[in-house]
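What follows is one structure encoded as structure tokens, with my remarks underneath.
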Amino acid sequence: MKRFDYKAKEKKTGKLVKGNIQAENEQTAGRLLIEQGYIPQSVTEEGTGIFGGKGHISTKDRIMFTRQLSTLIGAGLPLATSLRTVAEQTQTKAMKSVVEDILAKVESGKTLYDSFSEYPDTFNGVYLALIKAGETSGTLDLALKRLADQEEKDAAMLSKIRGALVYPGIILGVIIAVLAFMMIMVVPQVKGLYEDMGQELPELTKILVAISDFFGAFWWLVLIILIAICGGIYYAVKKTPAGRKIADTIKINVPLFGGLFKKLYVSRFARTTEMMLATGVPMLDSVKIAIEATSNVVIEEEYNKSLDIIKGGKALSESLKDRKYMLPLVPQMASIGEESGKIDEMLGKAATVYENELDEQINNISTMIEPVLMVIMAGLIGVVIGGTLLPIYSLVNSIAA
């Protein structure tokens with residue numbers, strides 16, 4: 001089912017009205033409008049106008065939808081009624097369209113899992129697996145609650161990581177702005193002063209003048225190159241397997257941030273496995289989905305080796321031992337869980353430990369980076385000052401002599 005925006009006139013009054021309607025195609029939408037007493041003026045598929053696109057469904061939209069649906073189903077409302085209520089309360093146009101389409105599919109006899117499966121860009125493998133397990137076991141409300149809780153934790157963690165990068169970004173921006181100002185405004189004046197006095201520029205100042213002249217004459221070329229480089233990197237990372245693998249390798253090996261990303265991926269793996277097992281998903285499927293949930297191809301390649309070990313009949317703890325990029329607490333807690341019959345709880349505790357460590361590490365990042373950035377800023381600005389102010393001072397001394 002698709003959504004169509006329409007303009008139509010009422011047959012009785014001739015009044016022009018606007019709205020949207022669900023149908024298989026434009027012809028069906030037009031026929032439905034006629035049956036409802038309208039004369040269609042225009043019928044276009046939603047999102048195919050001048051600007052196109054149906055809008056972006058954010059993590060916040062998905063969490064709110066999941067939480068609301070869980071609450072309504074847990075309160076005893078039928079699935080179709082719950083979906084209809086959520087659709088009425090949803091403010092985001094893109095999310096509302098998806099929910100209404102899912103509702104139409106459910107009312108036509110499809111399972112919730114099959115309906116959600118038609119939106120892989122909105123609902124990932126973890127989401128779909130938990131929906132399927134919840135439907136099968138009759139615990140759909142609990143599965144949805146776990147999903148909402150976990151997505152909120154993931155969103156909060158990513159927000160903290162981005163926040164930790166804001167301060168270094170501001171400092172770098174200030175450094176670039178100060179250097180640009182001095183190169184554009186100060187260096188050319190020093191050059192002119194020396195030319196007026198018939199003096200030869202010092203070597204360091206000559207280098208700065210050459211750089212300033214180049215950027216002054218070819219700033220447009222530099223801009224094009226920067227845009228091309230940024231665009232090329234974005235395309236390589238987002239569209240090519242090799243580019244994404246390189247980016248993911250850098251993430252887990254870059255100084256200072258590498259350990260942070262490893263803990264993020266390990267905690268995500270442990271938390272997702274806990275959710276899967278607690279909802280009744282078989283061990284092999286749980287681990288496979290949890291590996292995909294790490295969202296790092298290098299980690300996935302390494303962790304996938306555990307699947308063959310599990311298929312061979314060995315325990316999860318054995319499959320994770322000595323695994324590269326796997327932190328030691330997870331296999332240890334898995335082993336304890338296997339002995340006590342509470343493997344999901346133990347994995348959850350391991351995830352909590354690493355999540356707490358991540359919180360502390362993220363809070364310390366700005367403090368750790370600040371001295372390094374200050375040294376870099378002082379060094380770069382010192383070079384520029386040395387190439388501009390010191391020659392002026394020397395020139396004044398020579399004139400005075």
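Overview of results
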| item | result |
| --- | --- |
| Vicinal HN-Hα couplings computed from phi for region 266-279 (Karplus, 6.51 cos²θ - 1.76 cosθ + 1.60; Hz; Gly/Pro x) | 5, 5, 5, 4, 5, 5, 5, 4, 4, 4, 4, 5, 5, 8 |
| Crossing angle, helix 187-197 versus the chain [Cα axis fit, 0-90 degrees, rounded to tens] | 10 degrees |
| Residue (of Gly138, Met183, Leu208) at the positive-pole extreme of region 110-231, dipole from beta-carbon charges | Gly138 |
| Relative contact order %, the chain, counting alpha carbon pairs below 8 Å whose residues are six or more apart | 13 percent |
| Long-range HN-HN contacts of Ile57 with modeled amide H, under 5 Å | none |
| Relative contact order of region 59-151, pairs being alpha-carbon contacts under 8 Å that are 6 or more residues apart, as % | 36 percent |
| Max mean-square fluctuation residue, GNM over the chain, Cα-Cα springs under 10 Å, options Ser159, Ser42, Ser306 | Ser42 |
| Mean shadow area of region 58-97, taken as a quarter of the surface of its Cα convex hull (nm²) | 2.5 nm² |
| Radius 14 Å from Cβ of Ile310, net charge of other residues (Lys, Arg +1; Asp, Glu -1) | +2 |
| Residue pairs, from the table Lys7/Lys60; Lys96/Lys145; Lys239/Lys324; Lys288/Lys311; Lys239/Lys321; Lys311/Lys342, whose Cα atoms sit over 23 Å apart | Lys7/Lys60; Lys239/Lys324; Lys239/Lys321 |
| Rounded tilt (10° steps) of 125-137 against the dominant C-alpha axis of the chain | 20 degrees |
| Fewest-first sequence of Leu347, Leu208 by Cβ atoms within 10 Å of each Cβ | Leu208, Leu347 |
| Ile227/Lys12 FRET efficiency (R0 60 Å; Cβ-Cβ; nearest 0.05) | 0.55 |
| Most mobile listed residue (Ala29, Ala270, Ala143) in the chain, GNM with C-alpha springs under 10 Å | Ala29 |
| Filtered GluC sites (Glu not before Pro), region 118-190: DSSP coil and at most 14 other beta carbons within 10 Å | Glu118 |
| Option label - Rg and Dmax of the Cα atoms in Å computed here, alternatives (1) 30.0, 100; (2) 21.1, 74; (3) 21.4, 65 | (1) |
| Karplus 3J(HN,Hα) series, Hz, for region 104-120 with 6.51 cos²θ - 1.76 cosθ + 1.60 (x for Gly, Pro) | 4, 5, 5, 5, 7, x, 6, 6, 5, 4, 5, 5, 5, 4, 7, 10, x |
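Read-outs throughout are calculated quantities, based only on the coordinates presented, and are distinct from any laboratory measurement. The structure displayed is predicted, hence computed values, not measured ones. Note that each Cβ is placed from the backbone with ideal geometry, even for glycine, and that neighbours are counted across all protein chains shown.
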